[in-house]
Amino acid sequence: MKKTAVLVLSIVLSLWLINAAPAERAANAQVGEPAPDFTLVDSHGQEHSLSDFRGQVVVLEWLNHECPFVRKFYNAGKMQELQQRYTEKDVVWLSIISSREGEQGWMTPEQINSANESKNVHATAVLIDEPGDVGRLYDARTTPQMYVINEEGVLVYNGAIDDKPTANPDDLRGAKNYVQLALDSVLSGEAVEISTTRPYGCSVKY
């Protein structure tokens, strides 16, 4: 009798897990699907919702200024160049810090604003995701990890910034920048050819 009860319980649990998994996946960001909406406050205390930018192309950049992989781009001015180039084309660029207080990459709003000024950052806003809810929603694993959302609100790219997974600034030369390719395709009304890549960098410090 006990064996039968255990067997029935196992079957019920297996069926629950099978049925629950798709719903869980559907709640998270998936390339080719509408990007999940979220609301965060930026370093100036202003609230931003992703849905506010419907009709515009949006870049999400997971950020940790202490990460050597992030420094590779910011110290060379390459991330700022991308930000400026595309925000001038009406692209919304949202940098997101999901580091928990006390962990690498966590910053106060004042520290973020100071870094923005000293590094000549051209992001539309730097958003604070200290609980990490939005990072988990988008399954952000590394800094930098990059996402591109088209005018219809569909996620069209998720992954690495380029094809050189190192922290060496010398590798910026000749690298294939996936974000640039995705943005150029979206702005030209073309399909994004490379829509998913393996992200690299420091782990997000949830």
Can you find a residue in segment 47-68 that is buried (at least 16 other Cβ atoms within 10 Å of the Cβ), assigned to a loop (DSSP other than H, G, I, E, B) and of a type in the set (F, W, Y)?
-> no
Sole residue being within 27 Å of G55 (Cα to Cα), in contact with an Asp or Glu (Cβ under 6 Å, 6 or more places away or on another chain) and buried (at least 20 other Cβ atoms within 10 Å of the Cβ), chosen from L155, L127 = L127
For T142, are the conditions met, namely being within 17 Å of the chain's Cα centre (by Cα), on the phi < 0 side of the Ramachandran plot and in contact (Cβ under 8 Å) with a residue 60 or more places away in the chain?
-> yes
Where residues in segment 105-124 are surrounded by fewer than 14 Cβ atoms within 10 Å (Cβ to Cβ) and hydroxyl-bearing (S, T, Y), which of them is nearest to P36 (Cα to Cα)?
-> T108
Look at segment 96-139 and say how many of its residues are among the aliphatic types (A, V, I, L, M) and under 13 Å from the mean Cα position of the chain (by Cα).
-> 7
Please verify whether segment 84-100 includes one or more residues that are free of Cβ contacts under 8 Å to residues at least 40 places away in the same chain, in a loop (DSSP other than H, G, I, E, B), of a type in the set (D, E) and farther than 17 Å from R141 by Cβ.
-> yes
Search segment 174-190 for residues being over 19 Å from W93 (Cα atoms) and in contact with a strand residue (DSSP E or B) (Cβ under 8 Å, 6 or more places away or on another chain), and hand back the single one that is surrounded by the fewest Cβ atoms within 10 Å (Cβ to Cβ).
-> K176
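Each reported figure results from applying straightforward, stated rules to the coordinates on display, with no laboratory input. All figures in this text were calculated on a predicted structure; none of them were measured in a lab. Glycine gets a Cβ as well: all are built from the backbone with ideal geometry, and neighbour counts include every protein chain shown.
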